[in-house]
Amino acid sequence: MHHALNRALLAGALALIAGSAAAADKIKVGFMLPYSGTYAALGNAIENGFKLYVAEQGGKLGGRELEYFKVDDESNPAKASENANRLIKRDEVDVLVGTVHSGVAMALAKAAKGSDTTLIVTNAGADAITGPMCGPGIFRTSFSNWQPGYAMGPVAAAKGHKTAVTITWKYAAGDEQMKGFREGFEKAGGKIVKDLTLPFPNVEFQPLLTEIASIKPDMVFAFFAGGGAVKFVQDYHASGLGKSIPLYGTGFLTDGTLKAQGEAAQGLLTTLHYADGLNTPRDQAFRAAYAKAYDNLQPDVYAVQGYDAAQLMQVGLQAVQGNIEDKAKFRDAMRGATIDSPRGKFTLSAAGNPVQDIYLRQVAGMENKMVEVAVQALADPARGCKL
Ligand code: BEZ
């Protein structure tokens, strides 16, 4: 009797220990993403993409299960440090995955570096992250703001445009994408005659459209994304300006937004590291799996960036057989990775930013159809990065 009781107690205690060991075995992933506001759809697509890849691996990376922690960063830079520290200090995550907004991402990168937590940036293009703020634990599966902006420069000049007005939100992403475009456009002989801005995430475009009408440039180049991009493309179309002053932009202007933009977006040319109609087996398989997993939702560039963040983690974890605690080896393997992305294969620069083809795309129906590769294997110059 006594014996049986002891045995039962012992079995219970062992089960408890095994249970907590299994929990500790899970790798903690912290999603810091916008789940509300103008970028909410972008945050959700990133999470969807990440989880799709993990599901394809049977729910494990490097043989270990994942445990997710989530913070809605609201694309609010003022709350970014506090939000990042919730994941780092309270939840003690192994890897930070995020975010969309460049201003928020810079605070996130600072907190990641300060605590030596590995960070995979899944959208935000802030040049500084893989520039002056670069570090051994900082990775990006998206782009630097400079990349898609720069790529449109030679394309626009080749179309015969000599003068351009730029229009964007006044914060790092807008500033830097316009700067990239300026560099590419001026190098090809073009001239920017005016930079127009409004505060993020405002959508009162009318006064600025009136100014464009009076300047009469050869073209307009814009960065907006999410809900703001929907409104801008609609307003530009409604103004009638497009008939004489064609609108161009980085691909965020029309990615994940076409359903809402409809007629207003037709024919627009943009540059980005992803496109519809790539027609590779890799991309087709990804798109079919995404639509199946998410109720026929079509993937966009944000979903691809999230998917590739999980792929990158998998490369690192396989190199250490799931032992993420071996940080240096985990990170080295990620830095040396070649990612078989739906966008096409890419490698990471020394600074941790994708070296990737930038596509010229044109809106046709509900697709950003690939027209051509605008710039092949474009590497961010990583100005200011010292490793
Ligand atoms: C950014 O803030 O870096 C950003 C946001 C949305 C789309 C692209 C870039």
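The values are calculated or read from the model by the stated rules, or taken from the named source; none is laboratory data. Here the structure is a predicted model, which means the values were calculated and not measured. No Cβ is skipped: glycine too gets one built from the backbone with ideal geometry, and neighbour counts run over all protein chains shown. For accessibility, only protein heavy atoms count, side chains too; no ligands or nucleic acids. Shrake-Rupley method; radii C 1.70, N 1.55, O 1.52, S 1.80 Å.
The table for this structure:
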quantity	calculated
Options MET370, PRO136, THR271, ranked by Cα towards positive dipole end of the chain, top entry (Cβ charges)	PRO136
Probe 1.4 Å, all protein chains present, accessible-area order of CYS134, CYS385, largest first	CYS385, CYS134
Unsatisfied cross-links (Cα-Cα over 22 Å) in the set LYS194/LYS369; LYS28/LYS345; LYS60/LYS259; LYS159/LYS191	LYS194/LYS369; LYS28/LYS345; LYS60/LYS259
Accessible surface, per residue, of the chain when the full set of protein chains is kept, probe 1.4 Å, Å²	40 Å²
Efficiency of FRET between ALA377 and GLN284 - r from beta-carbon atoms, R0 25 angstrom, step 0.05	0.65
FRET efficiency estimate (nearest 0.05) - Cβ-Cβ, GLN298 to LYS162, R0 45 angstrom	0.75
Theoretical gain in end-to-end length, LYS26 to GLU183 [0.36 nm per residue, Cα-Cα removed]	52.0 nm
Dipole-positive endmost among VAL320, MET106, PRO246 within the chain (Cβ charges, Cα centre)	VAL320
For SER341, distant residues with modelled amide H under 5 Å away	PHE346
Span-like helix ranges in the chain, DSSP H, alpha carbon extent 30 angstrom or more, Kyte mean at least 0.0	2-25
Exposed-loop-free span, longest in the chain, where GluC sites (Glu not before Pro) count as exposed if DSSP calls them loop and at most 11 other C-beta atoms lie within 10 Å	1-203
Mean-position separation - Cα centroids, the stretch 137-208 and the stretch 316-350, in angstrom	31 Å
Net dipole in debye of the stretch 146-272 [+1 Lys, Arg Cβ; -1 Asp, Glu Cβ; about Cα centre; nearest 20]	280 debye
Set of aspartates and glutamates near LYS329 by C-alpha distance (under 15 Å), chain-local residues within fewer than 8 positions excluded	ASP94, ASP116
Only Lys, Arg (+1) and Asp, Glu (-1) charged, at Cβ; the stretch 54-153 dipole about Cα centre in debye	160 debye
Net charge contributed by nearby residues that have their C-beta within less than 11 Å of ILE339 (K/R +1, D/E -1)	+1
Among VAL230, ALA157, THR168 - extreme Cα towards positive end, dipole of the stretch 146-272, charges at beta-carbon	ALA157
In Å², nearest 10: area of SER36 left accessible to a 1.4 Å probe	40 Å²
Hypothetical label at VAL193: residues of the stretch 232-251 whose amide nitrogen lies under 12 Å (7 Å Cα-Cβ projection)	245
Amide H contacts of ILE27 (H built 1.01 Å from N, under 5 Å, at least 5 apart or other chain)	GLU65, LEU66, GLU67
Accessible-area composition of the chain, carbon plus sulfur, in percent [1.4 Å probe]	55 percent
Magnitude of the charge dipole, the chain, Cβ model with Lys/Arg +1 and Asp/Glu -1, debye to 20	420 debye
Solvent accessible area, Å² - TYR53, 1.4 Å probe, full protein context	20 Å²
Cα pair distances of the chain binned at 20 Å [whole percent]	29, 54, 13, 3, 1
